[in-house]
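**Student:** Mind having a look at this structure? Questions to follow.
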Amino acid sequence: MLITAGILGVGGFFSSRPELMKWAGWGGAAFLSFYGIRSLISAFKKSSLEADESGPYSLRAAVVTTLAVTLLNPHVYLDTVVLLGSISSSFPGRGRYLFGAGAVTASFLWFFLLSYGAGKLSRFFKNPLAWRILDMIIAAIMFFIAASLLLL
């Protein structure tokens, strides 16, 4: 939905208003920096993956959690609506919609493989060292993306 909103014009709206792009970039950079700091702090704690094995969640709980994690993250709006929407406006005619279809397909595959891989790698991340390395990688990525947003 968010990628489609960006492709259909919301991204163009933002890209035509540099002051909004600047504020969106600053807000996203602040959020990602905070998230990077949390990951860095977590990397220095002795922790590992502790999966909840109490049984499956209800459909309602899964949907509400997914919506909260998605829609309360300002970076999702920067990536999908603003960034992809802005990029799509550079393609003439139907190219914009083909770009959007490709972005939606890639997003679906990414999240499908991410959830599938998480199940397969859960045993590996029960090791505190593996968890620590993952937290360090996440922190580095968050700081890198935050810095790139400040350069918009």
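The values are calculated or read from the model by the stated rules, or taken from the named source; none is laboratory data. Source: prediction; values computed, not measured. A quick note on method: Cβ atoms are made from the backbone with ideal geometry, for glycine too, and the neighbour counts reach across all protein chains shown.
**Student:** If you scan the range 90-109, which residues turn out to be surrounded by 18 or more Cβ atoms within 10 Å (Cβ to Cβ) and either small (Gly, Ala, Ser) or closer than 18 Å to Pro18 by Cα (or both)?
**Tutor:** Gly100, Ala103
**Student:** Name every residue in the range 23-34 that is surrounded by 13 or more Cβ atoms within 10 Å (Cβ to Cβ) and either of a type outside the set (S, T, N, Q) or out of contact with any helix residue (DSSP H, G or I) (no Cβ under 9 Å at 6 or more places or on another chain) (or both), in order of residue number.
**Tutor:** Our first condition is that a residue be surrounded by 13 or more Cβ atoms within 10 Å (Cβ to Cβ); within the range 23-34, this holds for 24-33.
Result: Ala24, Gly25, Trp26, Gly27, Gly28, Ala29, Ala30, Phe31, Leu32.
**Student:** Within the range 27-48, take every residue that is in contact with a Pro (Cβ under 7 Å, 6 or more places away or on another chain) and of a type outside the set (Phe, Trp, Tyr) and give me the one that is modelled with the highest pLDDT. Show your work before the answer.
**Tutor:** Pass one, the range 27-48, residues in contact with a Pro (Cβ under 7 Å, 6 or more places away or on another chain): 27-28, 31, 46-48.
From what is left, the residues that are of a type outside the set (Phe, Trp, Tyr) are 27-28, 46-48.
Values: Gly27: 79, Gly28: 76, Lys46: 72, Ser47: 68, Ser48: 62.
That would be Gly27.
Yes/no per residue for (1) exposed (fewer than 13 other Cβ atoms within 10 Å of the Cβ); (2) touching a Ser or Thr at 6+ places or on another chain (Cβ under 8 Å); (3) not in a helix (DSSP H, G or I); (4) not aromatic (Phe, Trp, Tyr):
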{"residue": "Leu84", "(1), (2), (3), (4)": "no, no, no, yes"}
{"residue": "Tyr116", "(1), (2), (3), (4)": "yes, no, no, no"}
{"residue": "Lys120", "(1), (2), (3), (4)": "yes, no, no, yes"}
{"residue": "Phe125", "(1), (2), (3), (4)": "no, yes, no, no"}
{"residue": "Ile141", "(1), (2), (3), (4)": "no, no, no, yes"}
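**Student:** Of all residues in the range 1-26, which are modelled with pLDDT of 80 or more and under 15 Å from the mean Cα position of the chain (by Cα)?
**Tutor:** Passing the criteria: Met1, Leu2, Ile3.
**Student:** Just one of (1) outside any helix (DSSP H, G or I); (2) buried (at least 16 other Cβ atoms within 10 Å of the Cβ) trips up Asp79, so point out which.
**Tutor:** It is condition (1) that Asp79 fails.
**Student:** OK, next. Being outside any helix (DSSP H, G or I) and within 23 Å of Gly9 (Cα to Cα) is true for just one of Gly100, Gly93. Which residue is that? Step through it out loud before you land on a result.
**Tutor:** Details: Gly100 fails: outside any helix (DSSP H, G or I).
Matching residue, one of Gly100, Gly93: Gly93.
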